[in-house]
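J.: Before I ask anything, here is the structure I am working with.
The values are calculated or read from the model by the stated rules, or taken from the named source; none is laboratory data. If you're wondering where the values come from, they're calculated on a predicted model, not measured in any experiment. For neighbour counting, all protein chains shown are included, and Cβ atoms are generated from backbone atoms with ideal geometry for every residue, glycine included. We work out accessible area using only protein heavy atoms, side chains counted, and drop any ligands, DNA or RNA first. Shrake-Rupley method; radii C 1.70, N 1.55, O 1.52, S 1.80 Å.
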Amino acid sequence: AQGMPEKQLGVLKALDVAKTQLYHFTAILIAGMGFFTDAYDLFCVSLVTKLLGRIYYFNPLSDKPGSLPPHAAGAVNGAALCGTLAGQLFFGWLGDKLGRKTVYGITLIMMTLCSIGSGLSFGNKATGVMTTLCFFRFWLGFGIGGDYPLSATIMSEYANKKTRGAFIGAVFAMQGVGILAGGFVALVVSSIFDMKFPAPTYKVDRVLSTPPQADYVWRIIVMFGALPAVLTYYWRMKMPETARYTALVAKNIKQATQDMSKVLQIQLEVEERAADIMKDPRLSYGLFSKEFAKRHGLPLLGCTTTWFLLDIAFYSENLFQKDIFSGIGWIPKASTMNAIHEVFKIARAQTLIALCSTVPGYWFTVAFIEIMGRVAIQLMGFFMMTVFMFAIAFPYDHWTKPENRLGFVVMYSLTFFFANFGPNATTFIIPAEIFPARLRSTCHGISAATGKAGAIVGAFGFLYAAQPQDKTKTDAGYPPGIGIKNSLITLGVINFVGMLFTFLVPEPKGKSLEELSGENEVGK
């Protein structure tokens with residue numbers, strides 16, 4: 001079959017060779033705003049967990065401010081992650097059944113309503129507030145989960161083959177902007193409240209250190225996530241269904257050609273013969289067929305395992321930021337601050353890390369992905385994360401001394417930088433490129449959901465693992481763990497294994513989607 005002309009539909013070829021133009025950037029903006037919202041909603045809660053503890057778990061007899069008991073902290077962090085996992089599988093499958101565009105509208109409405117719901121949680125008793133917060137965060141996660149496979153698939157199907165990786169990467173990079181926005185909103189809200197309602201520190205007055213208005217602070221921060229979602233709804237609904245879905249899955253080549261003539265602003269001819277190609281049985285094998293296993297089994301294994309391993313490391317690092325910052329003295333002792341000022345300090349630390357390492361990492365991927373290729377960036381990222389994890393872990397006692405704090409923060413930032421200029425971005429990009437159109441969104445959803453399973457392991461496993469081995473030093477309600485040092489060594493090993501599994505993944509750089517998925521081998 002080599003050397004024979006490829007049977008790629010004219011309309012898809014036109015998309016592949018199209019010059020980069022306005023609609024590409026509109027698509028980035030539409031899909032990227034979804035991702036911006038996802039990141040904001042998922043990560044903003046880590047800025048307010050300490051505040052929730054102070055408000056709802058206050059104990060006037062304790063010399064430490066109230067903090068969320070393990071089950072509540074776990075539920076708040078875990079509800080959204082579990083929802084996301086379920087949403088990735090469900091909406092990934094639905095996106096291949098109903099079309100990308102339809103499902104994309106549904107996820108957005110869900111995200112908007114549940115963002116608002118999270119801030120309106122009922123009552124003023126701990127149980128009522130926590131229960132309703134977790135309920136809405138689960139469904140918020142469910143909507144966010146749908147955004148993963150759909151944003152990636154839509155971008156990949158709209159892009160041309162020269163810059164496809166960079167464009168999917170740019171959508172993902174909006175995650176970094178969302179994390180930053182979370183930090184900024186928290187800084188602004190906490191500053192305003194701190195000025196308007198000054199309060200003594202916890203040491204000075206246990207009751208007054210948490211002014212009643214503090215309850216609005218976390219609600220405003222959480223609800224703000226609804227805003228970007230609402231703003232993009234209109235644009236999402238105006239965007240036509242992707243040509244690859246319309247032609248290869250819905251098999252309506254005429255419609256695909258008309259849609260893309262409008263988007264590309266050129267006249268495309270409708271191909272008459274194309275319908276026969278589309279009926280080829282080799283284009284209809286299902287997800288659980290032998291044919292799928294033979295063609296895409298190992299790549300799918302590669303996509304799922306690498307994403308799973310990466311997210312264990314990535315989410316455990318992300319959720320521990322505040323513990324690490326307190327440990328090295330970036331955030332003062334809780335009892336020396338009032339409730340609202342603590343939010344400010346935590347947000348400041350997270351925003352600095354995001355500005356210096358998280359955000360640049362994403363854009364490095366966008367800049368270099370079409371030069372280096374996906375697989376090279378992923379291998380490099382896993383390797384560097386392994387190196388920096390070990391470099392932090394083995395001399396961990398050295399880093400905790402006050403004079404070495406700066407070095408510690410630099411090393412910690414570099415692991416984040418190489419997660420994002422590395423596997424955090426590429427594990428999102430590759431599954432949107434290498435599977436056939438009718439299973440693309442499903443396979444991306446499966447890969448992403450395995451990743452979220454890793455995030456759940458990271459977030460929960462390490463909440464317990466990072467506890468000190470000494471019984472007297474653990475956080476209230478936690479059993480002794482293996483300590484931060486051993487936790488970091490374990491994470492280093494996990495990154496190394498991720499690097500090995502990367503070898504199962506094919507390199508999609510510079511190839512058309514149909515070439516990668518074998519959909520153009522038909523009719524040869």
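J.: Where the accessible area of the chain is counted over protein heavy atoms with a 1.4 Å probe, how much of it, in %, is carbon and sulfur? Show your work: numbers first, answer last.
T.: Details: 14110 of 20500 Å².
Reported share for carbon and sulfur atoms: 69 percent.
J.: Moving to a separate point now. Shape verdict for segment 373-467, please, from the Cα gyration tensor: rounded (a/c under 1.5), prolate (a/b greater than b/c) or oblate.
T.: Details: a/c = 3.95, a/b = 1.92, b/c = 2.05.
Oblate, since a/c reaches 1.5 and b/c is not below a/b.
J.: Still on this structure: With every protein chain present, what is the per residue accessible area of the chain (1.4 Å probe, Å²)?
T.: Accessible surface, normalised per residue, equals 39 Å².
J.: A further question on this structure: For Tyr233 and Ser62, calculate 0.36 nm times their separation in residues minus their Cα-Cα distance, and state this gained length in nm to one decimal.
T.: On the way: separation 171, 0.36 × 171 = 61.56 nm, distance 4.75 nm.
This chain segment gains 56.8 nm when fully extended.
J.: Sticking with this structure for a sec: Can you tell me which aspartates and glutamates have their Cα less than 14 Å from the Cα of Lys345? Leave out same-chain residues fewer than eight positions away.
T.: Straight-line reach from Lys345, under 14 Å: Asp194, Asp323.
J.: Sort segment 64-120 into rounded, prolate or oblate with this rule: let a ≥ b ≥ c be the square roots of the eigenvalues of the Cα gyration tensor; rounded if a/c is under 1.5, and if a/c is not under 1.5, prolate when a/b is larger than b/c, oblate otherwise.
T.: On the way: a/c = 6.32, a/b = 2.22, b/c = 2.85.
Taking the square roots of the gyration eigenvalues as a ≥ b ≥ c, segment 64-120 is oblate.
J.: Right, something else. Pairs Lys333/Lys485; Lys238/Lys262; Lys13/Lys254: which are spaced more than 18 Å apart, C-alpha to C-alpha? Let's see the in-between values first.
T.: Working: Lys333/Lys485 21 Å; Lys238/Lys262 12 Å; Lys13/Lys254 15 Å.
Listed pairs above 18 Å: Lys333/Lys485.
J.: Which of the aspartates and glutamates could a cross-linker bridge to Lys452, judged by Cα under 19 Å and excluding same-chain residues fewer than eight apart?
T.: Hits, sequence-local ones excluded: Asp38, Asp41, Asp147, Asp311, Glu317.
J.: Related question: Mind listing the phi-derived Karplus ³J(HN,Hα) values for segment 423-437, rounded to whole Hz, using 6.51, -1.76 and 1.60 with θ = phi - 60°, and x for any glycine or proline?
T.: My calculation for segment 423-437 gives x, 4, 7, 5, 5, 7, 7, 4, x, 7, 10, 9, 9, x, 3 Hz in order.
J.: By how many degrees, 0 to 90 and rounded to 10, does the Cα axis of helix 214-223 deviate from the longest principal axis of the chain?
T.: Here the helix axis deviates by roughly 10 degrees.
J.: List the residues, sorted by chain then number, that are 5 or more residues from Gly481 or on another chain and whose placed amide H is less than 5 Å from its amide H.
T.: It is Gln467, Gln469, by chain and number.
J.: Moving on to the next point. Quick one: grab the alpha carbon gyration tensor of segment 49-94, order the square roots of its eigenvalues as a ≥ b ≥ c, and give me rounded if a/c is under 1.5, else prolate or oblate depending on whether a/b is larger than b/c.
T.: Details: a/c = 6.38, a/b = 4.74, b/c = 1.35.
Prolate, since a/c reaches 1.5 and a/b exceeds b/c.
J.: In Å and from the alpha-carbon atoms only, list the Rg and Dmax of segment 47-158.
T.: Expressed in Å, the Cα Rg and Dmax of segment 47-158 come to 17.2, 60.
J.: From the phi of every residue in segment 301-309, what ³J(HN,Hα) in whole Hz does the Karplus formula 6.51 cos²θ - 1.76 cosθ + 1.60 yield, where θ is phi - 60° and glycine or proline is x?
T.: Result, rounded to whole Hz: 4, x, 5, 6, 5, 5, 5, 4, 5.
J.: Using modelled backbone amide H atoms (1.01 Å from N, in-plane), which distant-in-sequence or interchain residues come within less than 5 Å of Met337's amide H?
T.: Tyr202, Lys203
J.: On to the next question. Rounded to the nearest 500, what is the 222 nm mean residue ellipticity of the chain from helices alone, with -39500 (n - 2.57) per DSSP H run of 4+ residues and division by all residues? Walk me through the intermediate numbers first.
T.: On the way: 22 runs with 360 residues, N = 524.
Using -39500 (n - 2.57) per qualifying helix, the result is -23000 deg cm²/dmol.
J.: Let me ask another. Please give the FRET efficiency for Ser289 paired with Val493, using the beta carbon to beta carbon distance and R0 = 35 Å, rounded to the nearest 0.05. Don't skip to the end; give the middle numbers.
T.: Details: r = 36 Å, r/R0 = 1.02.
Working from the Cβ atoms, E equals 0.50.
J.: May I ask you to evaluate 6.51 cos²θ - 1.76 cosθ + 1.60, the Karplus curve with θ = phi - 60°, for each residue of segment 170-182 and list the ³J(HN,Hα) values in order in whole Hz, giving x for glycine and proline?
T.: 5, 4, 5, 5, 5, 4, x, 5, x, 5, 4, 4, x
J.: What angle do you read, to the nearest 10 degrees and between 0 and 90, between the alpha-carbon axis of helix 22-56 and the longest principal axis of the chain?
T.: 20
J.: Then there's this: Over all distinct alpha-carbon pairs, what is the Kirkwood Rh of the chain in angstrom? Show your work: numbers first, answer last.
T.: Numbers: mean 1/r = 0.0420 Å⁻¹.
Evaluated on the chain, it is 23.8 Å.
J.: Among the listed pairs Lys97/Lys511; Lys251/Lys290; Lys203/Lys401; Lys290/Lys511; Lys50/Lys473, which have their C-alpha atoms separated by more than 21 angstrom in this model?
T.: Lys97/Lys511; Lys251/Lys290; Lys203/Lys401; Lys290/Lys511
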